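The values are calculated or read from the model by the stated rules, or taken from the named source; none is laboratory data. Everything numeric here is computed off the predicted structure, so don't read it as measured data. Neighbour counts run over all protein chains shown; Cβ positions are idealised from the backbone, glycine included.
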Amino acid sequence: MVRKLQRKEIDEVAGIWLDVNLKAHDFIPDRYWKDNYKLVQEMLGQAEVYVYEEENEIQGFVGLDNDYIAGLFVRSGMQSNGIGKQLLDFVKDVKQQLRLNVYQKNTGAVRFYQREDFLVQRESTDENTGEQEYVMIWSNGNGDRAGMLL
């Protein structure tokens, strides 16, 4: 079930954020994620966050800043079970357009977003990590694939 994050769940969700980032982004030093943990906890309390809960345990979440997906994370061990898709489908139902940044080296995430009709708008460099990333967009009328880089 997808629902809005409750304040008391911020620590649990931040833990998922840290664990998944450490595993998915092995090309970025662990220290980067650990140094940003407290900031992310604070930001979660201010963002529009939806969680996927199953058997009274949060299995994943998506964080939004208006139409920007600040992050979509699924607990390790629960990935590839459709949870990310359910979270994404939920926000697609409430937003007309979505955009996000994804590291180019995170090929699994890039493929996932492409499968979900996100288009690469441009390439950029993450100022914080120096890593190359894609800026991707989705809109209700994304049937036209013109301008896709990949």
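Out of the residues in the range 21-37 that are out of contact with any helix residue (DSSP H, G or I) (no Cβ under 8 Å at 6 or more places or on another chain) and part of a helix (DSSP H, G or I), which is farthest from Val94 (Cα to Cα)?
Filtering the range 21-37 for residues that are out of contact with any helix residue (DSSP H, G or I) (no Cβ under 8 Å at 6 or more places or on another chain) and part of a helix (DSSP H, G or I), the one farthest from Val94 (Cα to Cα) comes out as Arg31.
Would you tally the residues in the range 38-84 being farther than 18 Å from Leu18 by Cβ, among the charged types (D, E, K, R) and outside any loop (DSSP other than H, G, I, E, B)?
4
Specify which of the listed residues (Val62, Val51) is surrounded by 18 or more Cβ atoms within 10 Å (Cβ to Cβ), closer than 18 Å to Val102 by Cα, of a type in the set (Val, Ile, Thr) and in contact with a strand residue (DSSP E or B) (Cβ under 6 Å, 6 or more places away or on another chain).
Result of the check over Val62, Val51: Val62.
Just one of Leu87, Leu100, Leu119 is buried (at least 16 other Cβ atoms within 10 Å of the Cβ) and within 24 Å of Pro29 (Cα to Cα); which is it?
None of the other options fit; the residue is Leu100.
Residues of the range 130-149 being over 15 Å from the mean Cα position of the chain (by Cα), modelled with pLDDT of 95 or more and either assigned to a loop (DSSP other than H, G, I, E, B) or buried (at least 18 other Cβ atoms within 10 Å of the Cβ) (or both), which ones?
Within the range 130-149, Gly130, Glu131 meet the criteria.
Cβ-Cβ distance below 9 Å, separation of 6 or more or different chains: which pairs start in the range 110-128 with a residue that is in contact (Cβ under 8 Å) with a residue 60 or more places away in the chain and over 13 Å from Gly84 (Cα atoms) and end on one that is assigned to a helix (DSSP H, G or I) and of a type in the set (Ser, Thr, Tyr)?
Asn128/Tyr32
Return the residue satisfying two criteria in turn: it lies in the range 18-47 and is charged (D, E, K, R) and without any contact (Cβ under 8 Å) to a residue 40 or more places away in the chain, and of such residues it is surrounded by the fewest Cβ atoms within 10 Å (Cβ to Cβ).
Among those that are charged (D, E, K, R) and without any contact (Cβ under 8 Å) to a residue 40 or more places away in the chain, it is Arg31.
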